[in-house]
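Colleague: Take this structure first; my questions come after.
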Amino acid sequence: MAKEIERKFLVTATGYRDNYSNRTEIKQAYLSVTPESTVRIRIRDNEAFITVKSKTTGATREEWEYPIPLADAMEMMGTCSVCPIIEKTRYVSGRWEIDEFHGALNGLTLAEIELTSEDEQFERPKWLGREVTDDNRYFNSVLANATELPPIS
């Protein structure tokens with residue numbers, strides 16, 4: 001088990017595209033979404049993972065992630081998903097992961113940074129907008145069922 005301490009922000013400009021070290025295509029689906037936990041299947045390029053996350057308290061939650069066979073992930077997405085599949089492109093820029101959403105969520109871009117403590121200080125890039133860590137409308141498990149985009153500015 002690992003603790004995940006993460007803060008999330010809206011992105012207001014595409015400057016991160018000028019200086020990224022990795023770009024990945026992601027599809028993810030949720031097998032379970034409750035207030036206490038989520039179970040997610042994610043395909044990242046040609047690798048697949050199952051992830052269980054506990055309820056978030058502040059910016060912290062428990063997380064367990066394990067690789068699984070790609071064929072199993074695809075089958076679970078097709079038969080067990082409890083909400084629509086999220087598709088996004090992830091850019092990594094330093095410690096930041098920036099997700100550009102596609103499909104129904106097109107136009108939404110979020111940035112996340114993992115921290116060693118909730119009060120850790122970090123540099124805010126110029127493309128970073130308003131913090132949405134505590135706004136559950138921006139949780140991926142909520143976005144998967146969204147019928148409209150949450151505010152993007």
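Colleague: Residue by residue, what Karplus-based ³J(HN,Hα) values in Hz, rounded to whole numbers, does segment 103-112 have, using 6.51, -1.76 and 1.60 with θ = phi - 60° and x for Gly and Pro?
Modeller: Once θ is set to phi - 60°, the couplings for segment 103-112 become x, 4, 9, 3, x, 8, 10, 10, 10, 10 Hz.
Colleague: Using the heavy atoms of the protein chains alone and a 1.4 angstrom probe, what is the accessible area of the chain per residue in square angstrom?
Modeller: Accessible surface, normalised per residue, equals 55 Å².
Colleague: Continuing with this model, one more query. Might you work out the accessible area of residue 134 for me, using a 1.4 Å probe with all protein chains in place, and round it to the nearest 10 Å²?
Modeller: The value for residue 134 is about 130 Å².
Colleague: Could you give me the ³J(HN,Hα) list for segment 124-139, computed from phi with Karplus coefficients 6.51, -1.76, 1.60 and θ = phi - 60°, whole Hz, x at Gly and Pro?
Modeller: 9, x, 4, 7, 7, x, 5, 6, 10, 3, 8, 9, 5, 4, 9, 5
Colleague: Which lysines have a Cα less than 26 Å from the Cα of residue 126, not counting those fewer than 8 places away in the same chain?
Modeller: Of all the lysines, those that pass the test against residue 126 - Cα under 26 Å, at least 8 places apart if same chain - are 8, 88.
Colleague: Rounded to whole Å and sorted largest first, what semi-axes of the equivalent ellipsoid does the C-alpha gyration tensor of the chain yield via the square root of 5 times each eigenvalue?
Modeller: Each semi-axis is √(5λ); the values are 23, 18, 16 Å.
Colleague: Next question. Hey, what do the phi angles of segment 27-35 turn into as Karplus ³J(HN,Hα) couplings, whole Hz, using 6.51/-1.76/1.60 and θ = phi - 60°, x for Gly and Pro?
Modeller: Result, ordered by residue: 10, 9, 9, 9, 8, 7, 9, 10, x Hz.
Colleague: Could you work out the Rg to Rh ratio of segment 53-103, with Rh taken as the Kirkwood radius (inverse of the mean 1/r over all Cα pairs)?
Modeller: Dividing the radius of gyration by the Kirkwood radius yields 1.02.
Colleague: Using just the alpha carbons, could you tell me how many Å³ per residue the convex hull of segment 4-84 encloses?
Modeller: Convex hull volume per residue, Cα atoms: 125 Å³.
Colleague: Segment 40-83 to segment 120-153: how many Å between their Cα centroids?
Modeller: Here the answer is 20 Å between Cα centres.
Colleague: Say a site is exposed when it is one of the chymotrypsin sites (Phe, Trp or Tyr not before Pro), sits in a DSSP loop, and has at most 16 other Cβ atoms within 10 Å; what is then the longest site-free stretch of the chain?
Modeller: That gives 21-121 as the longest site-free run.
Colleague: Separate question: Report the residue, chosen from 117, 54, 81, that carries the largest GNM mean-square fluctuation when the chain is represented by alpha-carbon nodes joined by springs under 10 Å.
Modeller: Of the options given, 117 has the highest mean-square fluctuation.
Colleague: Enumerate by residue number the GluC sites (Glu not before Pro) in segment 22-117 meeting two conditions: DSSP loop (anything except H, G, I, E, B), and at most 14 other Cβ atoms within 10 Å of the site's Cβ.
Modeller: The qualifying sites are 36.
The values are calculated or read from the model by the stated rules, or taken from the named source; none is laboratory data. Note that the structure is predicted; figures quoted are calculated from it, not measured. Quick reminder, even Gly has a Cβ in these numbers, built from the backbone with ideal geometry, and neighbours come from all protein chains shown. Just so you know, the surface numbers come from the protein's heavy atoms only, side chains and all, with ligands and any DNA or RNA stripped out. Shrake-Rupley method; radii C 1.70, N 1.55, O 1.52, S 1.80 Å.
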